[in-house]
Structures are given as C-alpha cells and as structure tokens.
Amino acid sequence: MNKTIHKVGEMVGIPSRETDQILAQVRANTAKLEGCSEPHDFSIALNRHTKQPLPNPTPQQTFGCRWQCSKCGGHVDAIDKSWYNRGLVGRKLNDLNACYEAEEKLDQNQRERMMEYLHDARREEWNRLPIKTTEAFEWMICHATAAQRWEAINRAVAST
Ligand SMILES: [Zn+2]
C-alpha cells in the first residue's frame, strides 16, 4: 500500500517526503479515532487550511471542512460524520438510558438549548395544552421519545 501511494504521489507530482508526511498524518489520525472511548463526538469544525478548530464557525467556513471528535481529537470529513451520526442515532434511537446519560454530560447552556429544541419539536402538542405551566412543560419534556431527545441533544451540542 505504501508503495502504491508513493507511485500515485509521483504521478500527481507530490514528492516522496511529503507523501510520507501525509501517510504519517493519516496513520496518527486513524490511531486517535481507534483509541476513542466511543461514541465519537464530531462537533469541532476545523479550518480547511490550518486544520485548527473554528470557535464560532459560519456555514461558509464549515462547508467542506473536517470535523474533529471532542474526545479523541481524530477527525473525519462531513460525509463520514453524517454517516457516523446516523448510525449512532439508529443504534440509540430507542435507548432512553443512553439518552439520559448523554443529557447528564451537557452543560447548563446545552441543556437549556436541548429543552428549547425539544419544546420546538413538540410545539404543536404544547400549543394544544389548555393551561401552560412549568409542570406541564416538564411532563411534556419527560415524555418525549428517545428519538426526539437525541435530535434535541445533537442540535444542542452542535450549536455550542
Ligand atoms: Zn472520538
């Protein structure tokens, strides 16, 4: 594989030394990803050129960028991130306990956002309630499905 990559490198005009560097980077990244206490949390957008984290990325900045896992530091492209997260949602869709565990890891800000997103998701139901009390809101939140909670958790994490 090494030789093949070097040949391809030569064909497209990349010097052998740079090919070695790229290979080393790919291996280091793979090692990080494989050493992660999964699930990965690909929530950090990386600058396309510097590969440094973007603090408050704009949609233009995240277009085509790579996403870093906040736990292991490994990174993947947007397509891999999307497939990974879909798999994660699929596996955990009906797992409320895993959901509560994830919720406990949210900070105050994220938790509030998560509640807002859940509220959004169930707004119609909320609007139909004749009396809107904190208790009613809590009841509604507590009875959200695991899928709704995951969606809200993911959005809350992605927005911070
Ligand atoms: Zn990870």
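Among the conditions (1) aliphatic (A, V, I, L, M); (2) free of Cβ contacts under 8 Å to residues at least 24 places away in the same chain; (3) within 16 Å of the ligand (Cβ to nearest atom), the only one that L46 does not satisfy is (2). In region 147-159, the residues that are in the same structural domain as N56 (by TED's automatic domain parsing) and on the phi > 0 side of the Ramachandran plot never reach a residue that is crowded, with 19+ Cβ neighbours inside 10 Å and part of a helix (DSSP H, G or I) with C-beta atoms less than 7 angstrom apart, at least six apart or across chains.
When you go through N56, N109 one by one, which is the residue that is assigned by TED's automatic domain parsing to the domain that holds R149, out of contact with any Phe, Trp or Tyr (no Cβ under 7 Å at 6 or more places or on another chain) and away from the ligand (no atom under 16 Å from the Cβ)? Residue meeting the stated conditions: N109. Quick check on my filter: what residues within region 14-43 are touching a His at 6+ places or on another chain (Cβ under 8 Å), under 27 Å from P59 (Cβ atoms) and either away from the ligand (no atom under 16 Å from the Cβ) or not in a helix (DSSP H, G or I) (or both)? Residue satisfying the conditions is F42 alone. For C72, indicate whether it is more than 16 Å from the ligand (Cβ to nearest atom), within 22 Å of S159 (Cα to Cα), at pLDDT 90 or above and touching a Lys or Arg at 6+ places or on another chain (Cβ under 6 Å). No, not satisfied.
For region 97-105, check the following and say yes or no: at least one residue is among the acidic types (D, E), at pLDDT 75 or above, in a helix (DSSP H, G or I) and surrounded by 15 or more Cβ atoms within 10 Å (Cβ to Cβ). Yes, region 97-105 contains a residue that is among the acidic types (D, E), at pLDDT 75 or above, in a helix (DSSP H, G or I) and surrounded by 15 or more Cβ atoms within 10 Å (Cβ to Cβ).
Can you find even one residue in region 17-33 that is within 18 Å of R155 (Cβ to Cβ) and at pLDDT 80 or above? Lay out the reasoning, then the answer.
First pass over region 17-33, keeping only residues within 18 Å of R155 (Cβ to Cβ): none.
No, there is no match, as no residue in region 17-33 is within 18 Å of R155 (Cβ to Cβ) and at pLDDT 80 or above.
G64 meets each of the listed conditions (1) touching an Asp or Glu at 6+ places or on another chain (Cβ under 9 Å); (2) surrounded by 13 or more Cβ atoms within 10 Å (Cβ to Cβ) apart from (2).
The values are calculated or read from the model by the stated rules, or taken from the named source; none is laboratory data. Everything numeric in this text was worked out from a predicted model, so none of it was measured. Ideal geometry is used to build each Cβ from the backbone, glycine not excepted, and the neighbour counts take in all protein chains shown.
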